[in-house]
Amino acid sequence: MLRVENVNKDWKEFKLREISFEVNKGEYFIILGPSGAGKTLLLEVIAGIFIPDSGRIFMNDEDITFLPPEKRDLAYIPQNYALFPHMRVYDNIAYGLKVRKTPKSEVEKKVKEIAEILGISHLLHRKPKTLSGGEAQRVAIARALVLEPKLLLLDEPFANLDVQTKAKLIQEMKRWRRELNFTALHVTHSFEEAVSLGDRVGVMLNGRLIQTGEVREVFGKPKNEEVARFLGFENIIEGIAEGRILKANGILIELPIEVKGKVRIGIRPEEIIISNEPIKTSARNEFKAKVLAIEDLGSLIRLTLDIGGIELKAFITRSSLIEMAIKEGKEVYASFKATAIHVF
Amino acid sequence: MKRDYVTAFFALIGTFLVLYILLPLVVIISKQLLDWEMLMKTLHDELVLDSLKNSLLTSTATMIISLFFGVPLGYVLARKDFRGKSFVQAVVDVPIVIPHSVVGIMLLVTFSNRILDSYLGIIMAMLFVSAPFTINAARDGFLAVDEKLEHVARTLGASKLKAFFTVSLPLALPSIFSGAIMTWARAISEVGAILIVAYYPKTAQVLVMEYFNNYGLRASRPISVILVLLSLTIFIVLRWLVGRSRNA
């Protein structure tokens, strides 16, 4: 639906270099990158606030590169939410509808509907400066979604919130997506948001979109060392959870908490213990693994293991490698505690 | 808690200026109140009433004109970086450094008879010396409005002009009004330039001078007092209104 082709832009100390990617209809696309990578600038170029120095932007195959923001039919939520401080919450949400000269009764109906879904009906008469961070964010999302835009652009939507509010909003965002079925492009530096919400992710470093793909694919196979280092978490496993057990590709993994349905879990490579013989302890996930690759990282060795068709990365020390006589193709045991698992 | 001697000392020193400004005001008003008869007589003087009307009319017109031209200029100065911007900014501030008699001479040399002794001349003299207040206040007002608000308004479907009128302008309005009030106040207190450009139609501030020159201090006092009370009342009421809208 949205297609960005070879976009370049220089603005102040920020830059975009040869950015190309696509967001499909109904998709939640996350661009992940450290601060200063140019993520906000990219959103502003897509929103039409800036014109790229070169390159093209298409929406449903229509070239929108030079269209003014108001003609693009997308909604932009900046990091500070940018609620209009002189208007009540109701008028903030109604703003886009009023600009479109929507009949008053319809404005009221739509505002009330979206406020209901986002759980902010009780705030409609308030002024923005009286809202908490989480409330302000809901209002900003309502103001955007009430227009049913083709694409929702979110700039670090959860960055200014405390941990609890953030976790709650991420969960609700999943629900709103199911109910309202919108397409979103969300930029963040938070690994957690990417894995929790993203259908696909793009990793952006120094103004370049280095790698795009399915969440699992990008985390599982970082294209280069730079991406891998930024991502940190290297093992992402996707599966169907049933209580405390995750079924992934035929293997069963014990989880630290009860969950249900499709989930992704993460395990840091340093949490995985490698042994030649099975370790006889309970409360451990233990699998027979085949060593696929051995990489020398200097002080550490990174093993790529295959456990029942799933790839896992694990770190061991050089002395362990020699002691255990690990070679490519060798069979070992990989184990990790349930408590080392992060459920997204 | 230890007493804050430094602040107390500064307050003591600072009080001097406050008293210095208040004292003549209090003295002239109280002296005039003791001479009630003269005050009443002046209030029924056609010449005085006409001149007061002229002063109010011209300074209000000046304020409106400065808003019409100053707000767009302030917006451009706040939002755009362009070559020669600092030059434009300097030009805006020029009237503050030029003696007002010189302003009058300059205007007369430039526009000669067309503005001599006319309402137009008075307003042009006032505008020259007082417009910077509106321009600078508008600029500061727009600078204080986060540009992101305009961007969001645009993506929500508002044209640039619509975003200006629904978001930027309402938010900058208290600052713009403060500036406009200063412009009005500066306009009604202008004498130097008006004296040279347009002695007639007679404004109250010029009339005060005329009375002083012709009949002396006592004669010029009642009209001075009336002018002061009138200007101060309007100034205070307007400031109060703006302050209230700011807190709303």
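Take each residue of peptide B:136-149, count the partner chain Cβ atoms within 10 Å of its Cβ, and average: the result is 2. Other residues with beta-carbon under 15 Å from the beta-carbon of B:R246 carry, at +1 per Lys or Arg and -1 per Asp or Glu, a net charge of +3.
In chain A, the alpha-carbon atoms span a convex hull of 152 Å³ per residue. All C-alpha to C-alpha distances of the range B:123-219, sorted into 10 Å bins beginning at zero, yield P(r) values of 15, 29, 22, 16, 11, 5, 1 percent in whole numbers. Each part reduced to its alpha carbon centroid, the range B:66-80 and the range A:309-332 end up 69 Å apart.
Length available on full extension from B:L49 to B:R246: 0.36 nm per residue minus the Cα-Cα distance, which gives 67.5 nm. Computed from Cα positions, the angle between helix B:119-143 and the longest principal axis of chain B comes to roughly 40 degrees. Computed from the Cβ-Cβ distance with R0 of 22 Å, the FRET efficiency linking B:D117 to B:M209 stands at 0.90.
Fewest neighbouring Cβ atoms within 10 Å first, the residues A:W11, B:W240 line up as B:W240, A:W11. Computed over the range A:94-168, the P(r) tail beyond 16 angstrom holds 53 percent of alpha carbon pairs.
Helix A:163-180 and the longest principal axis of the Cα set of chain A meet at an angle near 70°. Could you calculate, for the range A:24-182, the ratio of the Cα radius of gyration to the Kirkwood radius, expressed as Rg to Rh? Rounded to two decimals, Rg/Rh equals 0.95. Taking packing as the residue-averaged number of other Cβ atoms within 10 angstrom, the listed peptides A:33-39, A:271-277 run from highest to lowest as A:33-39, A:271-277. Expressed in Å, the radius of gyration and Dmax of the Cα atoms of chain B are 21.6, 69. Placing unit charges on each Cβ (+1 for Lys and Arg, -1 for Asp and Glu) gives chain B a dipole about its Cα centre, and among B:L52, B:S168, B:T155 the Cα reaching farthest toward its positive end belongs to B:T155.
Relative intensity of the range A:100-220 on a log10 scale, I(q)/I(0) at q = 0.11, 0.14 Å⁻¹, equals -0.43, -0.67, per a Debye sum over C-alpha point scatterers of equal strength in the absence of solvent. In terms of distances greater than 29 angstrom between alpha carbons, the cross-link table entries A:K12/B:K160; A:K221/A:K247; A:K168/B:K80; B:K53/B:K85; A:K39/A:K223; A:K71/B:K85 yield A:K168/B:K80; B:K53/B:K85; A:K71/B:K85. Computed from Cα atoms, the angle from the helix A:89-99 axis to the main principal axis of chain A rounds to 70 degrees. Residues B:Y200, A:Y28, A:Y95, arranged from fewest to most other Cβ atoms within 10 angstrom of their Cβ, appear as B:Y200, A:Y28, A:Y95.
Placing pseudo-labels 7 Å out from each Cα toward the beta carbon at A:E295 and B:T60 gives an inter-label distance of 7.8 nm. Charged neighbours of B:M126, selected by a Cβ distance under 13 Å, balance to 0 (K, R count +1; D, E count -1). Longest stretch of chain B clear of exposed loop sites (trypsin sites (Lys or Arg not before Pro), DSSP loop, at most 11 other Cβ atoms within 10 Å, sites excluded): B:84-248. In the range A:1-87, inverting the average of 1/r over every pair of distinct C-alpha atoms gives 13.8 Å as the Kirkwood radius. When the Cα atoms of the protein assembly as shown are aligned to their principal axes, the ranges along those axes come out at 117, 67, 49 Å in descending order. Compute the FRET efficiency between A:R178 and A:R302 as 1/(1 + (r/R0)^6), taking r as their Cβ-Cβ distance and R0 = 41 Å, and round to the nearest 0.05. Approximately 0.60, to the nearest 0.05. Dipole of the range B:95-234 computed with +1 at Lys/Arg Cβ and -1 at Asp/Glu Cβ about the Cα centre; of B:A131, B:N213, B:V97, farthest Cα towards the positive end is B:A131.
Between B:F82 and A:H122, how high is the FRET efficiency from 1/(1 + (r/R0)^6) when r is the Cβ-Cβ distance and R₀ = 45 Å? Nearest 0.05. Efficiency computed from Cβ-Cβ geometry: 0.45. Annotation: for a label point projected 7 angstrom from Cα along Cα→Cβ of A:K129, residues of the range B:226-248 with backbone N closer than 19 Å are B:239-248.
Using only Cα coordinates, the Kirkwood hydrodynamic radius of the range B:33-150 works out to 16.9 Å.
Could you work out how much longer the chain between A:K15 and A:D199 gets when fully extended? Use 0.36 nm per residue separation minus the Cα distance between them, nm to one decimal.
That works out to 63.7 nm of additional length.
Looking at the calculated P(r) for the range B:43-99, what percent of the C-alpha pair distances fall above 18 Å? Everything past 18 Å amounts to 57 percent. What percentages, rounded to whole numbers, describe P(r) for the range A:213-344 computed over all alpha carbon pairs with 10 Å bin width beginning at zero? With a bin width of 10 Å, the distribution comes to 12, 45, 34, 9, 0. Here the spin labels are modelled as points 7 Å beyond Cα on the Cα-Cβ line, and at B:S159 and B:T7 they lie 5.3 nm apart.
Dipole size of the range B:129-248 about its Cα centre, with +1 on Lys/Arg Cβ and -1 on Asp/Glu Cβ: approximately 200 debye, rounded to the nearest 20. Rounded to the nearest 500, the helix-only mean residue ellipticity at 222 nm of the protein assembly as shown stands at -16000 deg cm²/dmol, with each DSSP H run of n ≥ 4 adding -39,500 (n - 2.57).
Since every read-out is calculated from the coordinates, none of them should be taken as a lab result. Only a predicted model underlies this, so the values are computations on that prediction, with no experimental measurement involved. Cβ atoms come from the backbone with ideal geometry, glycine included; neighbour counts cover every protein chain shown.
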